[in-house]
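Note sheet for the following structure.
Just so it is clear, none of the values below were taken in a lab; they were calculated from the coordinates. Just so you know, these numbers come straight off a predicted model, no measurement behind them. Note that we place each Cβ from the backbone using ideal geometry, even for glycine, and neighbour counts take in every protein chain shown.
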Amino acid sequence: MAWTFGAAASNDVNLAATQLLGGPTTAFLICGWWYPTTLTATRGLFSFGNTLGAEIGATTSELLIRSAHGTTNGQWTTTGAGLTVNQWTFLAIWMSYASSGVNTSVKVWTATTDTTPTACSITNTVAPVGTPSGSATFYIGNKGTSTTLSFQGDIGNCWYGLLSASSAETSPFNFASYGSLTSNEEAWHYTNFVFPAWQGKPFPFAGTGIGYSLGGRWEMGYINMDHITAPRVMRRIASGTLQTAVTTLTVDGATKSNQRSPNAANIPGHVLALS
């Protein structure tokens, strides 16, 4: 079953990633299911550290995306996210930071159980200033260690991909330059990551002929929120080798829900490890 957040505004679950995200030459894609029971501006969907991440926007059906920079943190808002109380919404959020300067790429796709992922319009409302900075702690359901910004509702299964300080083109993510994403690259990410993640495939591009053993520093993981005692993640890290030990996430106050998110992954051969 999913996990419920918001009974206390400090609720979260978190995971120590192997890559630092949000600094120069880093990129990530987070995909997952959120079921808000209350939509309150600033409440966090996920973050890396206390700033970088996604939260409920001032228009509460939309998202506010933040980056962390040395002088001024960047902000982007969506149009078309369609967050609705008491409805499961699938979200996929991509961010990529250039090797120098403040160029940042932000993409968001949204879907429901019955509608396939669609790209949102993105507006940069606050331009970032200064060197980007990041964190290797992945928080779900809050903005870092905040005691006031927990998501209110249920969060279901999630998929993530992280890339840090590696050649973008030789990584599994297949894009040319940090801090940008061309229309062809965006379409590639949609086809090989976003749409399969919405379908519930735990390692989306498996079977496409693309190798997980490509070089670089990267991590991919499928977070199973259905586990009876605590959310657990099955990971692939850099070499492409599946982690033999399934990692348990730290739970800070979140509780088990009585419902399950849509399109849960079927993982032949790994059922016992994840349940």
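Okay, here's what the table says:
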{"item": "Computed over the range 3-274: relative contact order in percent, which uses C-alpha pairs under 8 Å that are six or more apart", "result": "27"}
{"item": "Order of 30, 122, 140 under a 10 Å beta carbon neighbour criterion, fewest first", "result": "122, 30, 140"}
{"item": "Sequence of 171, 261 once ranked by neighbouring C-beta atoms within 10 Å, starting from the fewest", "result": "171, 261"}
{"item": "Mean ellipticity per residue at 222 nm, deg cm²/dmol - from DSSP H runs of n ≥ 4 across the chain, formula -39500 (n - 2.57)", "result": "-1000 deg cm²/dmol"}
{"item": "Positive dipole terminus of the chain, leading residue within 87, 222, 97 (C-beta point charges)", "result": "222"}
{"item": "Dipole of the chain, positive direction: furthest Cα of 249, 64, 181, with charges on the beta-carbon", "result": "249"}
{"item": "In order through the range 256-262: 3J(HN,Hα) via Karplus (6.51 cos²θ - 1.76 cosθ + 1.60), integer Hz, x for Gly, Pro", "result": "5, 8, 9, 10, 10, 6, x"}
{"item": "Qualifying lysines (Cα of each under 25 Å from Cα of residue 256; at least 8 residues distant if same chain)", "result": "143, 201"}
{"item": "Dipole moment magnitude, nearest 20 debye, the range 63-210 about Cα centre, only Lys, Arg, Asp, Glu C-beta charged", "result": "220"}
{"item": "Residue order, fewest to most surrounding Cβ atoms within 10 angstrom, among 155, 93", "result": "93, 155"}
{"item": "Rg(Cα) / (2.2 N^0.38 Å) computed for the chain, rounded to two decimals", "result": "0.91"}
{"item": "Student exercise, the chain dipole from Lys, Arg, Asp, Glu Cβ charges, in Debye to nearest 20", "result": "300"}
